[in-house]
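So the structure is just underneath, and the comments pick up after that.
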Amino acid sequence: MEKRALILIVLIFCSSFIYAQTKTTITKPKFDELFTIKKNDTLSFSDGLRISFLGHGSKIAEEGVEVPLILVMHYSVGSLSKEKIYSLFGRLPYVWSWKNYLFVVTEFEYDASMKMKVAMDYESGE
């Protein structure tokens, strides 16, 4: 178990290092419209939200156990900046929230890009 945790920490560190080296910014997508985000790209929304897709990963699981898709995202809005790791189970679409935003992934190319949508979700708050 400790070896797996160490591997995950190394992967996160490496992805953050690569992200810092290859960061790009794309024009502003609109809320509630599908867009594509590529690994290490940063998207800026009209209200100041910035999201970065840092990569995908997977877990080693015992036979018969569902393996989640690991998703690493970085968010910033105002002075708040946060990197989050998600374990996404089941089939597409994948849905999660952060602060007052709702995220939906409809398609993905593993560790390369995602087609997604972002919406305001005023009932959420992490």
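Quick notes
- Among the residues of region 65-85, the ones that are surrounded by 15 or more Cβ atoms within 10 Å (Cβ to Cβ) and hydroxyl-bearing (Ser, Thr, Tyr) come to 2 in all.
- Conditions (1) at pLDDT below 95; (2) on the phi > 0 side of the Ramachandran plot; number of the one not met by Tyr19: (2)
- Taken together, the residues in region 22-47 that are small (Gly, Ala, Ser) and either under 16 Å from the mean Cα position of the chain (by Cα) or at pLDDT 95 or above (or both) amount to 1.
The values are calculated or read from the model by the stated rules, or taken from the named source; none is laboratory data. Nothing here was measured: the structure is a model prediction, and the numbers come from that model. Using ideal geometry, Cβ is built from the backbone for each residue, glycine included, and neighbour counts are taken over all protein chains shown.
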